[in-house]
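Have a look at the structure below, then the notes.
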Amino acid sequence: MGGGAEQQQLRRAEAEHGAHRPGRLPPQEGLQHRIQRAGAAQHGGGDPVRRRPVARRDRGPGMRLPLLPHPVRPAIGRQGVERLLERPMPQQDGIEQGGGGATGRILGGGCHEAALYGRRHRPMLVRPPMHISAPSSPDRSLGALPEALQRRPRLALVLLCLALWLPGFFTLPATDRDESRFAQATKQMVESGDYVRIRVGEEERNKKPAGIHWLQAASVHLVEAAQLGTRRDIWPYRLPSLLGGILAVLATFHWGRSLVGRRAAFLGAAMLASSLVLVAEAHIAKTDAALLATVAAAMGLFSQAYLRPERFTARQAAGFWLVLGASVLLKGPVGPMVPLLAGITLAIADRGAPWLRALRPGWGLPLMVAAAAPWFVAIGIATDGRFFEQAVGGDMLSKIGSGEEKHGGPPGFYLLSFAIAAFPSAWIVLTALPAAWRDRLNPPTRVLLAWVVPSWLVFEAVQTKLPHYTLPLYPALMLLGAAWAMDPLRHMPPRWWQRVTLWLFGLVALGLAVAAEAACWVMLQEPFGGGLLVLPLAALLVWLVAGSARRGAWGRAGLLGALLAVPLYAAVLEAVVPRLEPLWIAPRLAATLAARSPGLLPGEFGITGHSEPSVLFAIGGEARLLRTGTEAAQFLAGGTGRVVAVGNRAEGDFEHEATTLGLSVQEIGQVTGFNYTRGRWVTLMLFRRGD
């Protein structure tokens, strides 16, 4: 099996490798260095990841075979040896084989020598961390990226995020309901100078902490200081979401390198950036993208403490607890819940938690509390305790016990919707999950599964369900999928499951195109609108990705999906959605008021029939949200110069009360649109007093 040509390649590779220091090897040499280290650690009875006796994890040392006298010694496990002897290796693909090099070519050609991990299954992921120095030559595993970006993976990821998320970022109006609520509360903070209490209009908003509002207020002040925009624009409030998403992607790559290797970490970060749910959250001014950044950083540090507790420094521990404190200020207990459940799961599975001491909880927990406590004390005093009563007793418990705002769903909702939420990379993750579960004894795989499984079960058990709730678990899922895609000895699931995942991928892409075209037809009566551009882009994405998957180039398929999602999302978010004018009622209502009643103060305007937060953001926090047509007539009769907008469903009550009050009214305009939060068309008629 090892001919003269292979021996010559080995001798040339060894001659090249001897010129480098072991402490700083290029990726090609790092592969051989890693293999030899793994073989040596295993031959000495140690675990190559955590440097502990294998017998402790495997309940016994197991059978061991002597290492063969060959310079290349891959630690691939007994099953991997059997597969190598039974069938040829998969066709070499640059992204799977680690980017070339003599060692990579020999491994790709069918190396037959292996060290064993005792009784453990063959690890799917990289055991020791891959070397992370910049490659000395272009790395084919990064696909079609220019050489300059191959040498700067972080820059490549930032550019990918901007290409995916900037289309529509400035042109999409404020959306209902959460984004407009968060943005309006921040605007009222900026205008009032009160950065403790959270208010939307005249109502206290005692549901979430103030962390995201502080970030949004800072971005608004910076934008206004630079004269790039005003607080009436929605995009300055979205900047923390954009930056939070970028930080989450970079954190996935940074800490993913020690879990799955540099190339798989890059692929996993790119898959995360292109996920449909993160693309949506980066365009919305609320907490979830920023929360994702804190959870990704915290779990990245947690994984380091788990894998290498003896190297985990006090500075890293302080960073872990401070990041958790920041997550508490963003969304309460959700951020700390993920590492807490992961730690409990690992402690039970490993029958011990030697990594806990490395986290320094003795002073770490007080540090986390100290980071978040000042605002909680201040808001408790300012609201006389109402914040805790409403946030815990109202918001949190209502989400757990019932579907808040009709957002309920059965158990399994997140699993069923994952193919849409994680598009275009969900199919790789779903294909990889059986192999990841088989590899659960491998410490990096173990910590990634502990990141996902217990928190996922909690989210499934909670009655209120929204697709973005499971977003903090996506970095681990994407790393698992990328690690499988990059593994040259990957364990393939049954063919029927591969077909199912690819068919789901194709159906989601087709559904996105059909939805865009249907929206243009229903909203604009345009059979050949901008949605027509989405269909060929979706078809191109499916064709190229499925073609790479059929050839076994799984890693390249994942990277192609992330890159080809750029024009697809741009077509939807820039050419289609902003042009659907019936959806954007509040901006059109504000424009009509400015034209028909110039100089109208927000406090002199009332509305019923469409009392959405976007109206407050577009017109002003002093605008009155009225419940019935009767209240609208009474508001109009309360003073001269007032204007009221009455929905078509409340028009009868409004006219009856106006007649009762002897009020003469004059209609000055109409706005018709589609209220997507309630799923119905609405017509707003603008009235002022006729006298």
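Observations, loosely collected:
- Residue, nearest to Glu604 (Cα to Cα), within the range 635-670, restricted to residues that are under 49 Å from the mean Cα position of the chain (by Cα) and of a type in the set (S, T, N, Q): Gln670
- Scanning the range 292-317 for residues that are more than 19 Å from the chain's Cα centre (by Cα) and not basic (Lys, Arg) yields Gln304, Ala305, Tyr306, Leu307, Pro309, Glu310, Phe312, Thr313, Ala314, Gln316, Ala317.
- Which listed residue, of Gly481, Gly511, is surrounded by fewer than 20 Cβ atoms within 10 Å (Cβ to Cβ) and within 21 Å of Leu564 (Cβ to Cβ): Gly511
- Residue in the range 399-418 that is modelled with pLDDT of 95 or more, assigned to a helix (DSSP H, G or I), under 30 Å from Val277 (Cα atoms) and hydrophobic (A, V, I, L, M, F, W, C) present: yes
- Considering the conditions (1) modelled with pLDDT of 95 or more; (2) more than 19 Å from Ser327 (Cβ to Cβ), Pro488 is excluded by exactly one of them, (1).
- For the range 623-636, a tally of residues being surrounded by fewer than 21 Cβ atoms within 10 Å (Cβ to Cβ), in a helix (DSSP H, G or I) and touching a strand residue (DSSP E or B) at 6+ places or on another chain (Cβ under 8 Å) returns 2.
- Pick from the range 610-667, criterion without any contact (Cβ under 8 Å) to a residue 12 or more places away in the chain and among the small types (Gly, Ala, Ser), ranking: nearest to Ala590 (Cα to Cα): Gly638
- Condition check for Arg205: within 30 Å of Gly385 (Cβ to Cβ) and free of Cβ contacts under 8 Å to residues at least 60 places away in the same chain: yes
- Residue pairs whose Cβ atoms lie under 6 Å apart, sitting 6 or more positions apart in sequence or on different chains, and linking a residue in the range 341-362 that is in a loop (DSSP other than H, G, I, E, B) to a partner that is small (Gly, Ala, Ser), are Ala353/Ala347; Trp355/Ala305; Arg360/Ala317.
- Some residue of the range 562-580 being in contact (Cβ under 8 Å) with a residue 60 or more places away in the chain and over 22 Å from Val508 (Cβ atoms): yes
- Of the numbered criteria (1) touching a Lys or Arg at 6+ places or on another chain (Cβ under 7 Å); (2) within 28 Å of Gly511 (Cα to Cα); (3) at pLDDT 95 or above, the one Thr464 fails is (3).
- Any hit, the range 246-265, residues being touching a Cys at 6+ places or on another chain (Cβ under 8 Å), closer than 17 Å to Ala422 by Cα, in contact (Cβ under 8 Å) with a residue 40 or more places away in the chain and not hydrophobic (A, V, I, L, M, F, W, C): no
- The single residue among Ala210, Ala218 that is of a type in the set (A, V, I, L, M), in the same structural domain as Ala289 (by TED's automatic domain parsing) and touching a residue at least 40 places away in the same chain (Cβ under 8 Å) turns out to be Ala210.
- Qualifying positions in the range 309-346 - among the charged types (D, E, K, R) and either buried (at least 24 other Cβ atoms within 10 Å of the Cβ) or touching a Pro at 6+ places or on another chain (Cβ under 9 Å) (or both): Lys331
This table checks each residue for (1) in contact with a strand residue (DSSP E or B) (Cβ under 9 Å, 6 or more places away or on another chain); (2) at pLDDT 95 or above; (3) under 19 Å from Ile619 (Cβ atoms).
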position	(1), (2), (3)
Gly547	no, no, no
Gly552	no, no, no
Leu559	no, no, no
Ala565	no, yes, no
Ala570	no, yes, no
Val576	no, no, no
Leu580	yes, no, no
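- Filtered by the rule that a residue be surrounded by fewer than 24 Cβ atoms within 10 Å (Cβ to Cβ), of a type in the set (Phe, Trp, Tyr) and touching a residue at least 40 places away in the same chain (Cβ under 8 Å), the range 484-508 gives a lone residue, Trp497.
- Scanning the range 363-379 for residues that are within 13 Å of Gly211 (Cα to Cα) and touching a residue at least 24 places away in the same chain (Cβ under 8 Å) turns up Ala371, Ala372, Trp375, Phe376, Ile379.
- Lone qualifier among Ala289, Ala265, Ala269 - being crowded, with 22+ Cβ neighbours inside 10 Å, closer than 30 Å to Arg231 by Cβ and within 20 Å of the chain's Cα centre (by Cα): Ala289
- Elements of type helices (runs of 4 or more DSSP H) contained in the range 450-556, each with 3 or more residues being within 24 Å of Ala349 (Cβ to Cβ) and either over 20 Å from the mean Cα position of the chain (by Cα) or assigned by TED's automatic domain parsing to the domain that holds Ser303 (or both): 474-486
- Qualifying residue in the range 602-609 (condition: more than 30 Å from Thr501 (Cα to Cα) and of a type in the set (Phe, Trp, Tyr)): yes
- Residue satisfying condition, being among the aliphatic types (A, V, I, L, M) and more than 24 Å from the chain's Cα centre (by Cα), within set Leu367, Leu340, Leu329: Leu367
The values are calculated or read from the model by the stated rules, or taken from the named source; none is laboratory data. Please read these numbers as outputs of a predicted model, since none were measured by experiment. Because the Cβ atoms are built from the backbone with ideal geometry, glycine has one as well, and the counts that use them run over all protein chains shown.
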